[in-house]
Amino acid sequence: MAINRADATPLCTLAPSPYGCYPRGMWNYCPACGSREIRFDGSHKFSCPGCGLVYYHNTAAATGCVIRSGQGLVFLVRGKEPAKGKLDLPGGFVDPGEGVVEGLLRELREEIGWEPLADTAGGRVPKGLRLFASFPNVYPYRGITYNTCDLFFTLDAPGLREGDLRLQAGEIGGVRFIRPEDLKLEELAFDSTRRALRAWLEMYTRPA
């Protein structure tokens, strides 16, 4: 059914929390039966009293990886909105049917054409890959803001160089190797990434 959005309300109204977003006007009609009685509970649940549809606009899982090479930390220049031109970590959304490590490794292959060697004793998990932080975030895309739970990993790749990478055309605008002491958090695209890098710097660069 084609939906006329001429009288649509804004697709997203900010929630009281800076990390939440109410998709209040995402639907003006029930996508199942076309009724205008679609209801939103103010958090993440849509329901239709006419046909019984219930839809939960749940939080999406996403990943980021702090890769430490001999030339510095690996950052990507975002090639599209949101935050085009800002710096981001390699990573992205976890697809349906994936575990979080699977999703991260797929994103590394897609975005930079590189994947760390797996630990032969541990199957697909790369040796030295460690989860060190998780923060909530919001990701606006084409009129809808998605709540995300971002999981941040760290990995040492001392021999990795720019020439080893094949950047994803249209998605990635460039790559920068930045030493921790030269990193400017305000250049990062998302709040969750800034919080993660603060945590990483505290854990991995403080004096022994």
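Structure above, values below:
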{"item": "5 angstrom amide H check on GLY79, placed H, neighbours 5+ away", "result": "GLY85, ILE172, GLY173"}
{"item": "Segment 60-204 shape via C-alpha gyration tensor axes, a/c threshold 1.5", "result": "rounded"}
{"item": "Distance-filtered residues of segment 169-201 - backbone nitrogen under 11 Å, label point 7 angstrom along GLU162 Cα→Cβ", "result": "174-178"}
{"item": "Charge dipole of segment 60-204 about the Cα centre (unit charges at C-beta), most positive-ward option of PRO136, LEU105, GLN71", "result": "GLN71"}
{"item": "Only Lys, Arg (+1) and Asp, Glu (-1) charged, at Cβ; segment 60-204 dipole about Cα centre in debye", "result": "160 debye"}
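Values in this text are rule-based calculations from the coordinates and carry no lab data. If you're wondering where the values come from, they're calculated on a predicted model, not measured in any experiment. Backbone-built Cβ (ideal geometry, glycine too); neighbour counts: all protein chains shown.
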